[in-house]
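Colleague: Have a look at the structure that comes next, please.
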Amino acid sequence: MGYISVAVDGPAGAGKSSVSKAVARSLGFVYIDTGAMYRAVALYAIRHGICEDRQRIIGSLCDIKIDIRYSENGQTILLNGEDVTDAIREESVSKGASAVAVIGEVREKLVAMQREMAKRGNVIMDGRDIASVVLPDAAVKIFLTASADARAQRRYKELKEKGAECELSAIKEDIIARDYNDSHRQESPLVRTEDAVLVDTSDLNFEESVERVKGIIEKAIG
Ligand code: DC
């Protein structure tokens, strides 16, 4: 019997990761955060001072080894053996990830890894191009989104809770810029495929979002 794949795409900050993670846990699926893989490549580029140098990033791809480990506590991302789970969440890495994600060769490498992962079990994979490129035959496709205002508010709250200095207007501008970058790039832009179910979480809380997504999956896979 083949394994079941669920594709969850959408813009930054819509709650894809947290919702997908919770749904995966509840259904016994493996959650795969593809954004973390782009972030790991970006972190490598930042540390080697080659962020602006497309050719050197491409040339370094064979030196970049990314592993994802799963445990009770969730997912750990390893970059050449080092645990970078927290380091890849820095704002500078978010920006860097959006930049390296436009490089076709980077995408090719990561997409191949992602397809291999989906062959090994039932997965919920989240990203920007999962339904359109990585897993076009996924059993369930979901496009999870929320208004830029709602996403900025959530991010602001998150950062404030961590004690970070931040401004709501700057966060919103960042979100809009990243959306633009992700949906206007030439390589696998963020798109909602025709067969994807739209879930707008602007007016849903976390639990409601999880229930909505879980319901769509359960209905589709019976
Ligand atoms: O979901 P995230 O914020 O962790 O993603 C980081 C960046 O990587 C984001 O700018 C978009 C890009 N990305 C992508 O191009 N394709 C994916 N499948 C996942 C993320």
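What follows is calculated from the coordinates using simple rules that are stated; it is not laboratory data. All of these numbers come straight from a predicted model, not from anything done at the bench. Don't worry about glycine lacking a Cβ; one is built from the backbone with ideal geometry, like all the others, and counts go over all protein chains shown.
Colleague: Within the stretch 56-87, find all residues whose amide N lies under 13 Å from a label point positioned 7 Å from the Cα of residue 164 along Cα-to-beta-carbon.
Modeller: In the stretch 56-87, the label zone of residue 164 (backbone N under 13 Å from the point 7 Å along Cα→Cβ) covers 86-87.
Colleague: Could you give each residue of the stretch 168-175 its phi-based ³J(HN,Hα) in whole Hz, using Karplus coefficients 6.51, -1.76, 1.60 with θ = phi - 60°, and x for Gly or Pro?
Modeller: 4, 5, 5, 5, 5, 4, 4, 5
Colleague: Work from the charge dipole of the chain (Cβ charges, +1 for Lys and Arg, -1 for Asp and Glu, about the Cα centre) and give the residue of 163, 27, 40 farthest towards its positive end.
Modeller: Value: 27.
Colleague: On to the next question. Mind sorting 206, 143 by how few other Cβ atoms lie within 10 Å of their own Cβ, fewest first?
Modeller: On the way: 206 13, 143 22.
With the sparsest Cβ surroundings first, the list reads 206, 143.
Colleague: For a quick check: with amide H placed at 1.01 Å from N, whose amide H comes under 5 Å from residue 124's, ignoring anything fewer than 5 positions away on the same chain?
Modeller: The answer is 6, 30, 31, 32.
Colleague: For the chain, max minus min Cα coordinate along each principal axis, in Å, sorted largest first?
Modeller: Principal axes ranked by extent give 49, 44, 36 Å for the Cα atoms.
Colleague: Please work out the Cα center distance from the stretch 143-206 to the stretch 82-100, rounded to the nearest Å.
Modeller: That distance is 17 Å.
Colleague: I need 203, 129, 179, 195 ordered by Cβ neighbour count within 10 Å, fewest first. Don't jump to the answer; show the numbers that get you there.
Modeller: On the way: 203 9, 129 24, 179 18, 195 12.
The order, fewest Cβ neighbours first, is 203, 195, 179, 129.
Colleague: Which whole-Hz couplings ³J(HN,Hα) result when phi for each residue of the stretch 193-200 is put into the Karplus expression 6.51 cos²θ - 1.76 cosθ + 1.60, θ = phi - 60°, listed in order with x for Gly and Pro?
Modeller: Here the 3J(HN,Hα) series is 6, 4, 8, 8, 7, 7, 10, 9 Hz.
Colleague: Then there is this: So for 85, 201, fewest C-beta neighbours within 10 Å to most, what's the order?
Modeller: Numbers: 85 19, 201 24.
With the sparsest Cβ surroundings first, the list reads 85, 201.
Colleague: If each DSSP helix of 4+ residues adds -39,500 (n - 2.57) and the sum is divided by the residues in the chain, what number results at 222 nm, nearest 500 deg cm²/dmol?
Modeller: Numbers: 8 runs with 105 residues, N = 222.
It comes out at -15000 deg cm²/dmol, rounded to the nearest 500.
Colleague: Full-extension gain between residue 47 and residue 157, please, as 0.36 nm times their residue separation minus the C-alpha to C-alpha distance.
Modeller: Working: separation 110, 0.36 × 110 = 39.60 nm, distance 2.89 nm.
Gain in length upon complete extension: 36.7 nm.
Colleague: Quick one: of 16/95; 95/162; 109/162, which pairs are farther than 30 Å apart, Cα to Cα?
Modeller: Details: 16/95 18 Å; 95/162 20 Å; 109/162 34 Å.
Check vs 30 Å cut-off fails for 109/162.
Colleague: Rounded, prolate or oblate: which one fits the stretch 151-222, using the alpha carbon gyration tensor with axes a ≥ b ≥ c (rounded when a/c is under 1.5, else prolate when a/b beats b/c, else oblate)? Please report the intermediate quantities before stating the final value.
Modeller: Numbers: a/c = 3.36, a/b = 1.32, b/c = 2.54.
Oblate, because a/c is 1.5 or more while a/b does not exceed b/c.
Colleague: Something else about it: Between residue 197 and residue 120, with labels modelled 7 Å along Cα→Cβ, what's the label distance in nm to one decimal, could you check?
Modeller: Simple spin-label model gives 2.8 nm for this pair.
Colleague: Report ³J(HN,Hα) in whole Hz for each residue of the stretch 15-24, in order, from the Karplus equation J = 6.51 cos²θ - 1.76 cosθ + 1.60 where θ = phi - 60°; Gly and Pro get x.
Modeller: x, 3, 5, 5, 5, 4, 4, 5, 5, 4
Colleague: Can I ask one more? Quick query: amide H of residue 197 versus all other amide H atoms, modeled in the peptide plane; which residues come in under 5 Å with a sequence gap of 5 or more or a different chain?
Modeller: 141, 142, 143
Colleague: Assigning unit charges at the beta carbon (Lys, Arg +1; Asp, Glu -1) and nothing else, what dipole magnitude in debye, to the nearest 20, does the stretch 1-94 show about its Cα centre?
Modeller: Dipole magnitude for the stretch 1-94 comes out near 220 debye.
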